[in-house]
1. Going by the structure shown, is Y55 crowded, with 19+ Cβ neighbours inside 10 Å, farther than 18 Å from D291 by Cα, more than 21 Å from the chain's Cα centre (by Cα) and modelled with pLDDT of 95 or more?
2. Show the residue pairs meeting these rules: Cβ distance below 7 Å; 6+ apart or different chains; first residue within the stretch 10-31 and under 27 Å from L230 (Cβ atoms); second residue surrounded by fewer than 12 Cβ atoms within 10 Å (Cβ to Cβ).
3. Identify, from the list K265, K278, the residue that is surrounded by fewer than 17 Cβ atoms within 10 Å (Cβ to Cβ) and closer than 20 Å to D237 by Cβ.
4. Is it fair to say L52 is touching a residue at least 60 places away in the same chain (Cβ under 8 Å) and within 27 Å of I168 (Cα to Cα)?
5. For the stretch 118-133, give me the residue count where each residue is touching a Leu at 6+ places or on another chain (Cβ under 7 Å) and closer than 17 Å to M163 by Cβ.
6. Is the stretch 24-46 home to any residue that is outside any loop (DSSP other than H, G, I, E, B), closer than 15 Å to Q74 by Cβ and touching a Cys at 6+ places or on another chain (Cβ under 7 Å)?
7. For M40, only one of the following conditions fails: (1) of a type outside the set (K, R); (2) under 21 Å from W285 (Cβ atoms); (3) without any contact (Cβ under 8 Å) to a residue 60 or more places away in the chain; (4) buried (at least 16 other Cβ atoms within 10 Å of the Cβ). What is its number?
8. Collect the residues in the stretch 192-219 that are aliphatic (A, V, I, L, M) and in contact with a Lys or Arg (Cβ under 7 Å, 6 or more places away or on another chain), keeping them in residue-number order.
Amino acid sequence: MNKVKYSYMDHWEIQTPRGLMSPMVRKESLERFLKQLVVMGYEGLDTFAMKLPMYARLIGGEKGTAVDFEHYIQDLGLECMTSMFRDFIGYNPNEHVWEHRCHDRILEKYRQDCEYAKGTGIKTFVVMPSSQYFWCMDEKGEITDDVIHAHADLWNRVGKMMMEDYGIYLSCHHEFWSGLRDLEVIKKFYAWTDPKYVYYFCDTAQHVIAGVDPVDVYDMLADRTRCFHLKDTRNTDPGSYKIPPDAECLAKDVNRWFYEAGSGKGLCDFPKLFEAMKRHNYCGWISSEHDKAEMEGKSFSDCTGVSMWYVKNVLDPILDKEEK
C-alpha cells in the first residue's frame, strides 16, 4: 500500500450573479466547496496564507482563528490543512539585494504567518523563492551567482526561523517567470541553501513551461522534497518570462498556461513522475492544482473531479504496482 495522501490547492471559484468569485463569499458556498472535495476523495486542503484570516472570520467571526477553520474543515471530512502559500514575494524586486533591509521585513512577515497558523496541521510553508526574472537579471539578461547567493541567504534565514521556532518546513516553488527557473540556477540555489532549512516543492507545469523536466529536479532533490503540485500545461515558454510586469498574464502567444492533470494533450509526463516517486519511496502529500479553469468556460468542480479521477485510476496504481 502506498503512503501518499491527496490534497487540493485552493484556487476554487464559483459563478455568482456578480461574476466569478471565491466560495468564501458565503459560508454556504464554502461548505459546498469543501464537501465536494471530500466526496471526490481529497483528504487535505492547501491554502494561501492571506486567505486564512478571511476563512477564520467567516467561520468564527472577528475572533475566529486558523484553528477554528481547521476544525471546521475536519468536521466536514477533511483531515487538515496541509500547507500554506504566500506569493507576495513574487512581486518584490529587492530580495536579491544583499544589503537591502527587505530581508528583515520578509523574515518578519513569514514569522507573522507562522504565528497565525500555530495549532493547525500545517507543516509546510510554500514560497516563491524569487521575484520576476526581469528584476533579477543583469544587463546581459542573465542571473549571476551573486544574485543566487543572495536568494539562498534570505531563505536560509527564513527557513531556520520556521523550523526552529515553529517546526514548519520552508519549501520553494519555482515559477517559470522567476529568477530561479533554469535547471543550472536551481542546482546552484539548492547547493547554497542549508538542507536542514530549505526544502523543495515540485510544481510540474511550472518546470515544463520553463523547459525543465520536473523528474530531473525531483531526482536531484528527492530527500528535500516536501510536496507536489500536479498540474499540466500545453505550452513551453518561447521567452515570455522576461516580460514585465507579469509574464504569465502578458504573454502574447499563450492565453491559458495551466490545465488539470488528466485533461489530455498536456506536456507533463505524470506517469514518469510517479515512477520516480515510487523509486524514491516518496511518502507525503500530493496536491492537485489547476488555476485558470474558468478561462475556457469550465467549472472548478469539473476540473477537480477530472484531476482526482486521473490520479486515482492512472497514477495512484503506479505507486502500488508490485516490482517484478
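1. Values: crowded, with 19+ Cβ neighbours inside 10 Å: yes; farther than 18 Å from D291 by Cα: yes; more than 21 Å from the chain's Cα centre (by Cα): no; modelled with pLDDT of 95 or more: yes.
In short, no.
2. Sorted first by the residue in the stretch 10-31, then by its partner, the pairs are E13/L20.
3. Working: K278 fails: closer than 20 Å to D237 by Cβ.
None of the other options fit; the residue is K265.
4. Working: touching a residue at least 60 places away in the same chain (Cβ under 8 Å): yes; within 27 Å of I168 (Cα to Cα): yes.
Yes; evaluated as a whole, the condition is true for this residue.
5. Taking the stretch 118-133 first, the residues touching a Leu at 6+ places or on another chain (Cβ under 7 Å) are 125, 127, 129-130.
Retained after the next criterion (residues that are closer than 17 Å to M163 by Cβ): 125, 127, 129.
Residues meeting the conditions: 3.
6. Here is the first cut: in the stretch 24-46, the residues outside any loop (DSSP other than H, G, I, E, B) are 24-25, 27-40, 44-46.
Subsequent filtering for residues that are closer than 15 Å to Q74 by Cβ retains 30-31, 34-35, 37-38, 44-45.
Restricting the remaining residues to those that are touching a Cys at 6+ places or on another chain (Cβ under 7 Å) gives 44.
Yes, that holds for at least one residue.
7. The number of the failed condition is (3).
8. Residues of the stretch 192-219 aliphatic (A, V, I, L, M): 198, 205, 208-210, 212, 215, 217.
Those that are aliphatic (A, V, I, L, M) and in contact with a Lys or Arg (Cβ under 7 Å, 6 or more places away or on another chain): A205, A210, V215.
The values are calculated or read from the model by the stated rules, or taken from the named source; none is laboratory data. Here the structure is a predicted model, which is why all the values come from computation and not from measurement. Every residue, glycine among them, receives a Cβ derived from its backbone with ideal geometry; neighbour counts consider all protein chains shown.
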